1. From Ile165, Ile117, Ile161, which residue is touching a helix residue (DSSP H, G or I) at 6+ places or on another chain (Cβ under 8 Å) and open to solvent by less than 20 Å² (accessible area, probe 1.4 Å)?
2. Looking at the stretch 19-38, which of its residues are buried (at least 19 other Cβ atoms within 10 Å of the Cβ) and either over 23 Å from Lys209 (Cβ atoms) or out of contact with any strand residue (DSSP E or B) (no Cβ under 7 Å at 6 or more places or on another chain) (or both)?
3. Can you confirm whether Glu104 is open to solvent by 30 Å² or more (accessible area, probe 1.4 Å), over 23 Å from Tyr53 (Cβ atoms) and in a helix (DSSP H, G or I)?
4. Of all residues in the stretch 168-186, how many are in contact with a helix residue (DSSP H, G or I) (Cβ under 6 Å, 6 or more places away or on another chain) and acidic (Asp, Glu)?
5. Among the residues that make up the stretch 125-145, is at least one of them surrounded by 17 or more Cβ atoms within 10 Å (Cβ to Cβ), at positive phi and within 18 Å of the chain's Cα centre (by Cα)?
6. Name the single residue that is nearest to Thr32 (Cα to Cα) among those in the stretch 115-166 being in a helix (DSSP H, G or I) and at pLDDT below 90.
7. Would you mind finding the one in Met123, Met174, Met133 that is in contact (Cβ under 8 Å) with a residue 12 or more places away in the chain and either within 18 Å of Lys42 (Cα to Cα) or among the aromatic types (Phe, Trp, Tyr) (or both)?
8. Looking at Pro92, Pro88, which is the one that is within 30 Å of Phe198 (Cβ to Cβ), modelled with pLDDT under 75 and outside any loop (DSSP other than H, G, I, E, B)?
Amino acid sequence: MSKRKPRGKKTLKPKTRNQATYIKCMEHSDITICDGPAGSGKTAVAVGLACQYLQEGRVNKIVITRPIVESGKGLGYLPGNFQEKVHPYLVPILEEMNLYLSREKVQTLQDDGTIEICPLEYMRGRNFHQSFMILDEAQNATHEQMKMFATRMGRQSKCVINGDIEQSDLPHSMRGALEKWLETLSDIKGVSVVELDFSDIIRNDIIAKILSVLE
């Protein structure tokens, strides 16, 4: 009988060539912008590298944020207190972190502020040094929000912006920021642009087939 792998001991390994490129870009660039369909590893790979950097002492803090938008609505319309409002949106990120650090360790690091996960709307005025910053679901962020997030980056920090330009929940008049950043920032030294596609989807193989037909 094979022994079960200890919880919280997952190591980051790219499953596709594009994911390997994504990791390399994050390691060698200050800011990495990534576009790709659901399931292609945009968030999972970035979170895995962030956990690795934290474990190796290359950063002192992980900051993960996302715009809280559902069908064009904002955070305020949701019932409950602040934690109850944001928790459903953060579950996938927390579950991924649990695989690398264990559930107990993630909770401890959240309690002491080493891991901070919060809505994008609550980041204004902050600065993060020696941090691994991830803006998830950036297709739901406006240009002003993305600029605000990127300018939170302090010294010796990494900034990752990822999303799926085909899946925005914003009103049409507010969309397009992520696409514009992908198109216009690739020539800046220190900025990398990565595109994942259906071949990078690491869920059930049928998902990639369905998405390719529905595109």
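The values are calculated or read from the model by the stated rules, or taken from the named source; none is laboratory data. Note that the coordinates shown come from a computational prediction; the quantities given were computed from them, not determined experimentally. FYI the Cβ positions are ideal-geometry reconstructions off the backbone, even for glycines, and counts take in every protein chain you see. Quick note on the areas: whole protein, heavy atoms, side chains included, nothing else; ligands and nucleic acids left out. Shrake-Rupley method; radii C 1.70, N 1.55, O 1.52, S 1.80 Å.
1. Going through Ile165, Ile117, Ile161 in turn, just one is touching a helix residue (DSSP H, G or I) at 6+ places or on another chain (Cβ under 8 Å) and open to solvent by less than 20 Å² (accessible area, probe 1.4 Å): Ile161.
2. Gln19, Ile23, Met26, Ser29, Ile31, Thr32, Ile33, Pro37
3. No.
4. Going through the stretch 168-186 one residue at a time, the tally reaches 1.
5. yes
6. The residue in question is Leu120.
7. Just a single option satisfies the conditions, and that option is Met133.
8. Step by step, each of Pro92, Pro88 is checked, and only Pro88 is within 30 Å of Phe198 (Cβ to Cβ), modelled with pLDDT under 75 and outside any loop (DSSP other than H, G, I, E, B).
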